[in-house]
1. Answer with one residue from T172, S186, Q235: the one whose Cα lies farthest towards the positive end of the charge dipole of the chain, charges on Cβ with Lys, Arg +1 and Asp, Glu -1.
2. ³J(HN,Hα) across region 201-212 via Karplus (A = 6.51, B = -1.76, C = 1.60, θ = phi - 60°), whole Hz, x for Gly/Pro?
3. If you consider only alpha-carbon coordinates, what radius of gyration and Dmax does region 24-97 have, in Å?
4. Please compute the length gained on full extension between L238 and D199, using 0.36 nm multiplied by the number of residues separating them and subtracting their Cα-Cα distance.
5. I need the Debye-formula profile for region 9-251: one equal scatterer per C-alpha, no solvent, reported as log10 I(q)/I(0) at q = 0.10, 0.15 1/Å, two decimals.
6. Quick check on my link table: of K74/K207; K70/K147; K105/K226, which ones sit more than 29 Å apart, alpha carbon to alpha carbon?
7. K147: net charge of surrounding residues, Cβ under 13 Å, Lys/Arg +1, Asp/Glu -1, itself excluded?
8. Can you show me the helix-derived [θ] at 222 nm for the chain, built from DSSP H runs with n ≥ 4 at -39,500 (n - 2.57) apiece and divided by the number of residues, rounded to the nearest 500.
Amino acid sequence: MPKDRLQTQRFELKYLVTEETARAVRQFVRCYLKPDEFAATLPNLSYPVHSLYLDSPDLMTYQAVQTGEKNRFKLRIRYYSAEDKSVYFEIKRRTNEVISKVRAKVHREFVEPLLAGRPPQLKHLVTPDGRQLAALQEFCRLMHRLKATPRSHVAYHREAWMSPENNSLRVTFDRDVRCEPEFGTSFRTEFGEAVTVFDRNVVLELKFVDRLPQWCTELVRSFNLKRGGAPKYAQGVLLLGEHRVSNQGVGLKGPASGLRPLRAARPAAVSAAAL
């Protein structure tokens, strides 16, 4: 499992680029950053990321993205493999241009009881501490307020680079972003009838906590990068069809065969037009 490198508050700049551009940007970035400590040990410097997104029956957090609300949040449970004994309950908020994130590392055996309404306790946490307990309590408060339940499984391969001095700057490349309806907590890593969210494009993100370094500004200029949104969950739901993940979709039989695993670190050799 990747080491927790959480930036609790930051700015994010997102770009959709072709694989060819992503490889060129990597060569630029490696002059200033080092591979994420976990990714550095893997082929292609990439690891799989899985998220189970929760939303209300009428998809309130999805609709907030679609209507362009400046102040919004999302609820998700993140994991990295089907064998994980723990998962991360995460709240990601956007307040104008500022992104904030809190998370709590929870024993997997307590996921279903918590989603069913059990009050959060220190024993539910892998490393019990007040900050993580507060994050878990806030997650559950928002979940109950929205009557949120699991709606979608989103996964991708992440290549991550970070500052050699601290965690003030991260550059990530997310490939093969896929999304499917998911109403349970099996934490699968396989896919059935998933959509490929951004075709073969790569989601490039610059994540910084203070000021964007001058070399990043030069990177954007040199590659003529065009900033845009790349919401994985919202775009996935849009492509799937809202009816497949709203309450209209609950009770539909999920895919039972033809599952395709999201394998860690497979070589990328793709290029595509922008979204």
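1. In the chain, that residue is T172.
2. Karplus-based 3J(HN,Hα) across region 201-212 equals 6, 10, 8, 9, 10, 9, 10, 9, 9, 10, 10, 6 Hz.
3. Cα radius of gyration and Dmax of region 24-97 are 16.7, 47 Å respectively.
4. 12.7 nm
5. Ignoring solvent entirely, the Cα scatterers give -0.49, -1.13.
6. From the list (K74/K207; K70/K147; K105/K226), the Cα-Cα distance tops 29 Å for K105/K226.
7. Value of the local net charge: +1.
8. Theoretical 222 nm ellipticity from helices: -6000 deg cm²/dmol.
Read the figures in this text as sums done on the coordinates, not as results from a lab. All values derive from a computational prediction rather than experimental measurement. Ideal geometry is used to build each Cβ from the backbone, glycine not excepted, and the neighbour counts take in all protein chains shown.
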